[in-house]
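> Starting off with a structure, shown below.
The values are calculated or read from the model by the stated rules, or taken from the named source; none is laboratory data. Remember, predicted model here, so these are calculated numbers, not experimental data. With ideal geometry, Cβ positions are generated from the backbone for all residues, glycine too; neighbour counts draw on all protein chains shown. When the accessible area is computed, the model is the full protein with side chains, heavy atoms only, and any ligands, DNA or RNA have been set aside. Shrake-Rupley method; radii C 1.70, N 1.55, O 1.52, S 1.80 Å.
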Amino acid sequence: MWPLHIKLLAYFLIFGVIIIFILWVFQTFFLESFYTMTKSAQVEKYAEKIAYSLQENKNVQGTIESIASYNSFSVYVYDSSSTVITSKYECEYDSPATAISFENHDVYSYYREAQENGGQYMCVTTNRSEFLSKKKFNTVFEDSSTSDSAGGAEIHYIQNSSNDDPQNMIYCEIIDLEDGSECFLIVSSSITPLSNTVEIIHDQLYIVSIVFVVLAIIISLFASRNIAKPISQTNKAAKELAKKNYDVEFDAKGYLEVRELNDTLNYAKTELAATEKLQKELIANISHDLRTPLTMITGYGEVMRDLPGENTPENIQIIIDEATRLSSLVNNLLDLSKIQSGAVQPEKAEYCLTDSIEEIFARYAKLKEQDGYNIIFESGERVYVSADELKISQVIYNLVNNAINYAGEDKTVIVTQKLSDKRVIIEVTDHGEGIPPEKLKYIWDRYYKVDKEHKRGVIGSGLGLSIVKGILDAHNAHYGVRSTLGEGSTFWFELDAVAVKKSDRNKNKGKDKDE
């Protein structure tokens, strides 16, 4: 595979060679034909103006002299009403060296050719009148566009004429005048011999081709380097990124696409760096959470084995609690993996969300008694939703556990149930340190810690918010977090309410006070 700048250079050079080739083809093979057709169109155009002036009988002499002098034409007008053709106007401005001389038999010959060709006749001939008298005419080619514009006149070439002989373009037309008479118009224009001109053009083409090739190489090198350089720089930086060098900067300048690509790669670099950092934290935190219960299980087991009288129910309960914590961590990891892979889909059914939350709160009674946590549930109506009760309960558990882990000095966690436009909103609020605004978007990532220090929570494995995100995404639910530094955080999510029943507010308030 060739580098980009070599390919661009080759493409530019090929383009230059094609341009030079086209110039050579046109100048070598089509120059004379193009010049002849252009000249014939010019002669026919001005002949039509003279014919119009003759038909209208308006300033005939002035029109003929003006056209003849401006275009170096020779113009002859003959009276052809009788059998004898007589001259009416003659105006010669053609070059004496190339002008053709007309004898009577030449005029008669042209007249007969015009009659045979529908009133118009055009030919290219030399100034040798003997060719005309012998009437050696032969049609070489016909230009349809020129014929249409000039009333259908064809261009005829006299045989045996040499390319080096001065040539003339002869246009003849029989014109019917308003008084019923007839006149015969001949317009002659010399065609400069093109052999010398073609040789001069060829010599110029050699020089132009050399200059063009040199310029094409210079411009191609400059353009290819400027186009390829930003891409090469980006490619070099991308290779460094592939080596996990996240300090590399994609700052190559150039054109819009390169800048957009660099912006995308800079964003990808930032995300990859954050992901790798989170992966390292994940490994460290999981190792910590696995090692702690295993160490305690091993330690208490050795104590119970080696020391008499240590085989107590309390020590056995610690081993059971740590084993349960270890099992919970493993189960959470498995749950998170299944949720993120889409292997687990919610099994929705209608149930009372309010009753489900109250049942969950009943399980926190021991924690409230032992550690002095104040966990409050505020609700007004009993709300029914269509969702996976087990998964939504897991969401509430994880949000409450997260709030407990980061609760403030008052150890208060408030869960609020609100209704808004047939949607139930669950909010879990703590009075902890809060989360900085720039870190809010990372809190749903696995094992992301705002304080950058892993602390073993009272309940939970450190994967709770990631599991919450996966479950709520599977339910297509809206969720988010509000946080103020020094005041605490509120995590919330919304579900569609399918039914609402009024409950005893006083009873609920009484429960809140008891809790």
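> Would the stretch 308-397 count as rounded, prolate or oblate if I go by the C-alpha gyration tensor, calling it rounded below 1.5 in a/c and otherwise prolate when a/b exceeds b/c, oblate otherwise?
Oblate is the answer for the stretch 308-397, as a/c is 1.5 or above yet b/c matches or exceeds a/b.
> For the stretch 251-324, report the % of Cα-Cα distances exceeding 14 Å.
Summing the P(r) of the stretch 251-324 above 14 Å gives 73 percent of all pairs.
> Considering all projection directions equally, how large on average is the shadow of the alpha-carbon convex hull of the stretch 1-62, in square nanometres?
With the hull built on Cα positions only, its mean projection is 7.5 nm².
> Counting only the heavy atoms of the protein chains, how much of M169 is accessible to a 1.4 Å probe, in Å² to the nearest 10?
About 0 Å², rounded to the nearest 10.
> Report the dimensions of the stretch 363-437 along its three principal axes from the alpha-carbon atoms, largest first, rounded to Å.
36, 33, 23
> Viscosity 1.306 mPa s, temperature 10 °C: Stokes-Einstein D of the stretch 388-427 from its Kirkwood Cα radius, in µm² per second?
So the translational diffusion coefficient is about 139 µm²/s.
> When the solvent-accessible surface of protein heavy atoms is calculated with a 1.4 angstrom probe, in what order do H475, H202 fall, highest first?
Of H475, H202, the descending order of accessible area is H202, H475.
> Looking at this model, which pairs from K280/K469; K229/K277; K277/K469; K236/K277; K277/K418 are more than 28 angstrom apart at the alpha-carbon?
Over 28 Å Cα-Cα: K229/K277; K277/K418.
> Within 10 Å of each candidate Cβ there may be at most 12 other Cβ atoms; applying that plus a DSSP loop requirement, which trypsin sites (Lys or Arg not before Pro) in the stretch 185-277 survive?
Passing sites in the stretch 185-277 are K243, K244, K253.
> Tell me, what ³J(HN,Hα) does each residue in the stretch 395-403 have, in order and in whole Hz, if you take phi through Karplus 6.51 cos²θ - 1.76 cosθ + 1.60 with θ = phi - 60° and put x for Gly and Pro?
Working through the residues one at a time gives 4, 5, 4, 5, 5, 5, 4, 4, 5 Hz.
> Right, something else. As a test of reading the structure, rank L290, L9 by solvent-accessible area (1.4 Å probe, protein chains only), most first.
Sorted descending by solvent-accessible area, the residues read L290, L9.
> Students sometimes get this wrong: rank F26, F222, F493 by accessible area, probe 1.4 Å, all chains present, largest first.
If we order F26, F222, F493 from most to least accessible, we get F222, F26, F493.
> Just the accessible area for W444, please: 1.4 Å probe, Å², rounded to the nearest 10?
40
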